[in-house]
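A short write-up of the structure that comes next.
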There are 2 protein chains.
Amino acid sequence: VAVTGPTNSGARRYYFEDFAPGQRFRTGTYAVDAAQIVAFARAFDPQPFHLDETAAAKSIFEGLAASGWHTAAITMRLLVTGEIRPVNGILGLAVEELRWLRPVRPGDVLRVESEILDRRPSRSRPGYGVVRIRHTTSNQRDETVQTFTSVLLVERRAPSGPAG
Amino acid sequence: VAVTGPTNSGARRYYFEDFAPGQRFRTGTYAVDAAQIVAFARAFDPQPFHLDETAAAKSIFEGLAASGWHTAAITMRLLVTGEIRPVNGILGLAVEELRWLRPVRPGDVLRVESEILDRRPSRSRPGYGVVRIRHTTSNQRDETVQTFTSVLLVERRAPSGPAG
């Protein structure tokens, strides 16, 4: 498994009511190598600058670079084993403003820092709330490689219906 | 390879100037099975509802469902072999408003329809422009499973600098 470092597998799990704006969460780290970059690209993003060092050197990336969707998937892997642990799992409804700011290269070691932006009750599902979380994925030089905001569906501690 | 149906490998390639709002593009299809769903989840989103049919049946998904990031990656795979062919490849700077609207299940067959929203010259890269494209991923019942808008960097036909 590529994820190393502090994770929170035995830690508390969060209900909707436990999340508050400004709370911050961290993840372990994920080491990226050329074989992973090429394998993901072959499956999901087979373009020369993600597959071949020579072609990549001549591209706008100036060297082999991970697919942005690979970076997003690695970010999810880090989140699932990190400190954010909603009681019903990490259930994304949507993503806002995903930005790829720098290439991810072979040898990079990624980690994610997250901050709760806001929360509101779900309009369509009475037992749930919606929590928006900003995620920043960084490399070993503390350079931001990707940012996005996830919109999660999180179970409420007490049902809001008449039987609650 | 999971992608089948009409693709455009021999077709024209588009410069920035060739894209215009309202143009529509299609892709081939991609058949999703349980083994793919579980393999992607093991690597990038190891949560019970993406890994195990029994656990998934008891979850909010009411059955095995693909990770949303898997659906996004499959969408990219379809786009790369589809009708949108920028001369410099599909180079995403950002994604806006990614929404997962329905679960993707084993047996689903996905395809993507895309529409050009707008374009503008790049502020930071004189030889490039920025094109925004809306992508709708659907299943074999014509139900929308995911939508997002991609922000692509596309090479211009003629440099805008003094030497152009």
Worksheet item: What does the charge add up to near B:F61, with Lys and Arg as +1, Asp and Glu as -1, over the other residues with Cβ less than 11 Å from its Cβ?
Response: +1
Worksheet entry | Helix A:68-80 vs. chain A, principal-axis angle (Cα, 0 to 90°, nearest 10) | 40 degrees
Item to complete: Starting from 0 in steps of 10 Å, tell me what percent of the Cα-Cα pairs of the protein assembly as shown lands in each bin.
Response: 6, 25, 35, 24, 9, 2, 0, 0
Worksheet item: Counting only protein heavy atoms and rolling a 1.4 Å probe, how much accessible area do B and A lose on contact, total for both sides, in Å² to 100?
Response: 2900 Å²
Fill in: Structure-based [θ]222 nm, chain B - -39500 (n - 2.57) summed over DSSP H runs of at least 4, per residue, nearest 500
-5500 deg cm²/dmol
Worksheet item: Any number yet on Rg/Rh for region B:52-111, C-alpha, Kirkwood?
Response: 1.08
Discussion item. Please compute, over every Cα-Cα pair in chain A, the percentage with a separation greater than 26 angstrom.
Written reply: 34 percent
Worksheet item: Distances from A:G63 to the same residue in each other copy, label points 7 Å out along Cα→Cβ, in nm, shortest first?
Response: 4.7
Practice prompt. For chain A, report the accessible area per residue in Å² (1.4 Å probe, heavy atoms, rounded to an integer).
Written response: 45 Å²
Response to the item:
The size of the Cβ-based charge dipole (Lys, Arg +1; Asp, Glu -1) of the protein assembly as shown about the Cα centre, to the nearest 20 debye, is 480 debye
Response to the item:
With the full set of protein chains present, the residues of region B:59-76 whose 1.4 Å probe accessible area falls by 30 Å² or more relative to the chain alone are B:I60, B:W69, B:A73, B:M76
Worksheet item: Are there trypsin sites (Lys or Arg not before Pro) in region A:58-136 that DSSP marks as loop and that have at most 15 other Cβ atoms within 10 Å, and which are they?
Response: A:K58, A:R123
Worksheet item: For region B:101-164 and region B:76-100, what is the separation of their Cα centres, given in Å?
Response: 5 Å
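The values are calculated or read from the model by the stated rules, or taken from the named source; none is laboratory data. None of the values given here were measured: they were computed from a predicted structure. Note: ideal-geometry Cβ built from the backbone for every residue, glycine included; neighbour counts use all protein chains shown. With ligands, DNA and RNA removed, areas are computed over all heavy atoms of the protein, side chains included. Shrake-Rupley method; radii C 1.70, N 1.55, O 1.52, S 1.80 Å.
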